[in-house]
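Novice: Before anything else, here's the structure in question.
Values quoted throughout were computed directly from the atomic coordinates according to the rules given, and no laboratory measurement underlies them. What you see is a predicted model; the values in this text were computed from it and never measured. Reconstructed Cβ throughout: ideal geometry from the backbone, glycine too, with neighbour counts over all protein chains shown.
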Amino acid sequence: MSLSIPSPANFIEDIIVEDLKSGKRTNVHTRFPPEPNGYLHIGHAKSICLNFGIAHKFADFNGLCNVRMDDTNPAKEDIEYEDSIKADVRWLGFDWEDREYYASDYYQKFYDYAIDLIKMGKAYVCELTAEQMTEYRGTLTEAGRNSPWRDRPIEESLDLFARMTAGEFPEGKMLLRAKIDMSSPNINMRDPAIYRIRKIPHHRIGDKWVVYPMYDYAHPLSDWIEGITHSICTLEFEDHRPLYNWFLETLELPNRPQQIEFARLNLSYTVMSKRLLLQLVEAKFVDGWDDPRLPTISGLRRRGYTPASIREFADRIGVAKADSIVDINLLWFCIRDELNATAPRAMAVLDPLKVKITNWPEGKVEMVQAQINPNDPEAGFREVPFSGELWIERSDFMEDPPKKYFRLAPGQEVRLISGYYVTCTDVIKDDEGNVVEIHCTYDPESKGGTTPDGRRVRGTIHWVSAAHAVDAKVNLYEHLFTRENMTNLPPDTKPMDFINENSLEVSSAKVEPYLQSIDAETRVQFMRHGYFWPDKESSSDALVFNRIVGLKDSWGKKKK
RNA sequence: UGGGGUAUCGUCAAGCGGUAAGACAACGGAUUUUGAUUCCGUCAUUCGUAGGUUCGAAUCCUGCUACCCCAGCCA
């Protein structure tokens, strides 16, 4: 009986399907191999979803995906990063079961293979200095020259490598190099370094080793050791592929993994490089790695994005080899689409203006029924207190409104969501002419939002009873950078020139009491504003909400 | 001037010699107690460009152009 092969969704799956059909492979095994030297961002999420997604899709073919810490550089890596990486992958919804690996666990094997290479005459200990190395390497257009140590006896290299490993030499003194071709047009093949001396304790295995393998050497071997079939990485490794293959072929390892490269994710109005992200964090432009403005997984999580919305996004952007910049609107669409269906509604006034209803019975408080989610009648109702003094949004009143402004204005009637119709009768101003309060009358017949005469009211606005309002701090986020394309900057500019100084706006809001009772995981829609959820620092007596994403705003757009 | 890649709608992206999917964005219009949602409709005679092969080309061939990556003892 033959298993049915899934239909491919991108060029990588095309390759996998071909391999399965041709019999080149009988199973599918991928891996996510981060270096624990920074926090994961949404670009990594693309890779995580791709690798785990393939494993899941090809489950009938033993589809599996490992997590492997690519920890070959003790100078940059740390346990803190490992922990955050694992937490992020798990949060995204993926399970690597017991397949949590570390390149550092393979060091002995790497070492043994290195000795094999030396014995084969395919690697040698080189004593050129770093500067000499650069000089001997040649340039993009000129061939390199052979190192004077290239043809030293195998026994000598063996001895020297053993002594390097024993710690006899200082850093930079010697290097183990692969013997390939100094005149290769591919610079990666010009006798690349495969081991260097680093007298720094490794965060996991301490000072067991003083020689550390290079990525180009460790990666193919790690893949091979784990039985990886398809080793997916980003485009910049494309010209490392001949080297990846060279190690596996030279060592005559059977059933070799295949490296496949795809384009990394870029998003409009933000940056994805670890270096830049680190700079933003260290310069305190942002509040740590989980700042909600950052495209880090932890930032997106703190902002309120759901794992499902990020997976959906990863699915929609596709996988290809062309450099691209994905419109941030697509990410926004994904989270809106999910939350529109699931988020309970509530009312919050972000920029409050006092409204007094002059014909409302003194001191009367009425509980009105409001739908929790009008798009989901099953969700039921919540009670909201209504009274003669309310807060409304400052932008929902205009003394001299333009045409087609449906909200409150002198003499204009508006519907208060789930409450009553009110008509503006007076505008109260301070000495400087600022509107400080407005007076309205309400129509007792309009309770709940409709009247017996069925008259039409174009404007519907949200409100909060002043006496019952709860104060809340609300964080409103904008793009981190002002420039859409941050991957290609104009001459003589640098990323920081485009930092958006107004990427965070804090508002002192008045919110309905219901919001005091929601739990820390609940994402709510502040009607007519967007989707919000409690910040990690929020508490029931000091509410703090983060705006995950705003609602689409065709009126605001039209005004521009 | 070497090597490796990529070019299909504003942005992603299908297409694999048989006559340009889809999504986001945008723009109309309907519905609406969120100017949200939903719903209907519009949005590439053309696939970087110039030739060639073919009955037929985004798909094959040739030339050209643009952009990205590579000269760490980083990954």
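Novice: Magnitude of the Cβ-charge dipole of chain A, K/R +1 and D/E -1, about the Cα centre, nearest 20 debye?
Specialist: That gives chain A a dipole magnitude of about 960 debye.
Novice: Then there is this: Beyond a 27 Å Cα-Cα separation, which of these cross-linked pairs lie in this structure: A:403/A:510; A:21/A:321; A:364/A:404; A:404/A:473; A:354/A:559?
Specialist: Flagged as over cut-off: A:403/A:510; A:364/A:404; A:404/A:473.
Novice: Using alpha carbons only, how many degrees (0 to 90, rounded to 10) separate the axis of helix A:241-250 from the longest principal axis of chain A?
Specialist: Rounded to the nearest ten degrees, it is 40.
Novice: Then there is this: Given the options A:144, A:132, A:160, identify the residue whose Cα lies farthest towards the positive end of the charge dipole of segment A:100-165 (+1 on Cβ of Lys, Arg; -1 on Cβ of Asp, Glu).
Specialist: A:144
Novice: Give the cross-link partners of residue A:199 among the lysines, using a straight C-alpha distance below 27 Å as the criterion and excluding same-chain residues fewer than 8 apart.
Specialist: Counting by Cα, and skipping residues close in sequence, residue A:199 has these lysines nearby: A:76, A:109, A:119, A:122, A:173, A:179, A:208, A:274.
Novice: For chain A, find the longest principal axis of its Cα atoms and tell me its angle to the long axis of helix A:215-226, 0 to 90°, nearest 10.
Specialist: The angle comes out at about 90 degrees.
Novice: Whole angstrom only: what separates the Cα centroid of segment A:444-475 from the Cα centroid of segment A:1-37?
Specialist: Segment A:444-475 and segment A:1-37 have Cα centres separated by 56 Å.
Novice: Sorted from fewest to most neighbouring beta carbons within 10 Å, what does the list A:290, A:430, A:105 look like?
Specialist: Listing A:290, A:430, A:105 from fewest to most nearby Cβ atoms yields A:430, A:105, A:290.
Novice: Something else now. What trypsin sites (Lys or Arg not before Pro) does segment A:433-483 have in DSSP loop regions with at most 13 other beta carbons within 10 Å?
Specialist: A:455, A:456, A:458
Novice: Assuming R0 = 30 Å, can you tell me the calculated FRET efficiency for the pair residue A:9 and residue A:484, based on Cβ-Cβ distance, to the nearest 0.05?
Specialist: 0.60
Novice: Whole-Å semi-axes of segment A:210-342's equivalent ellipsoid, largest first, each the root of 5 times a Cα gyration tensor eigenvalue?
Specialist: Largest first, segment A:210-342 gives 35, 19, 14 Å.
Novice: Treating only the Cβ atoms of Lys and Arg (+1) and Asp and Glu (-1) as charged, compute the dipole magnitude of segment A:11-262 about its Cα centre; round to the nearest 20 debye.
Specialist: 360 debye
Novice: For chain A, evaluate the Debye formula with one uniform point scatterer on each Cα (no solvent term) and list log10 I(q)/I(0) at q = 0.09 Å⁻¹, rounded to two decimals.
Specialist: Here the Debye-derived log intensity ratios amount to -0.80.
Novice: What aspartates and glutamates could a cross-link reach from residue A:429, if we take a straight Cα to Cα line under 13 Å and drop same-chain neighbours fewer than 8 places away?
Specialist: A:399, A:437
Novice: Something else about it: Relative contact order of chain A, please, whole-number percent, based on alpha carbon pairs below 8 angstrom and at least 6 residues apart.
Specialist: Relative contact order here is 11 percent.
Novice: Using alpha carbons only, how many degrees (0 to 90, rounded to 10) separate the axis of helix A:154-165 from the longest principal axis of chain A?
Specialist: Helix A:154-165 sits at roughly 40 degrees to that axis.
Novice: Can you tell me which of A:47-58, A:89-100, A:203-214 comes out highest on packing, and rank the rest after it, using the mean Cβ neighbours within 10 Å?
Specialist: Going from most to least packed, we get A:47-58, A:203-214, A:89-100.
Novice: A follow-up question, please. Among A:309-318, A:145-154, how do they line up from the highest to the lowest mean number of other beta-carbon atoms within 10 Å?
Specialist: A:309-318, A:145-154
Novice: Given the peptides A:116-127, A:547-558, arrange them by the average over their residues of other C-beta atoms within 10 Å, most packed first.
Specialist: Averaged packing, sorted descending, gives the order A:116-127, A:547-558.
Novice: Still on this structure: What number, in percent, do you get for the relative contact order of segment A:348-462 if the mean sequence gap of Cα pairs under 8 Å and at least 6 apart is divided by its residue count?
Specialist: In percent, rounded to a whole number, it is 28.
Novice: Under the Kirkwood approximation applied to all pairs of distinct alpha-carbon atoms, what is the hydrodynamic radius of segment A:348-462 in Å?
Specialist: 14.8 Å
Novice: Mean separation of Cα pairs under 8 Å and 6+ residues apart, divided by the residue count of segment A:99-172: what relative contact order is that in percent?
Specialist: 31 percent
Novice: Just tell me which lysines come within less than 19 Å, Cα to Cα, of residue A:24; anything on the same chain fewer than 8 places away is out.
Specialist: A:57
Novice: I would also like to ask the following. Work through the residues other than residue A:45 whose Cβ is under 13 Å from its Cβ and net out their charges, Lys, Arg +1 and Asp, Glu -1.
Specialist: The answer is +3.
Novice: Could you please report the charge total around residue A:159, scoring K, R as +1 and D, E as -1 over all other residues with beta-carbon less than 12 angstrom from its beta-carbon?
Specialist: -1
Novice: Shifting gears a bit: Net charge around residue A:270, counting only other residues with Cβ within less than 13 Å of its Cβ (Lys, Arg = +1; Asp, Glu = -1)?
Specialist: -1
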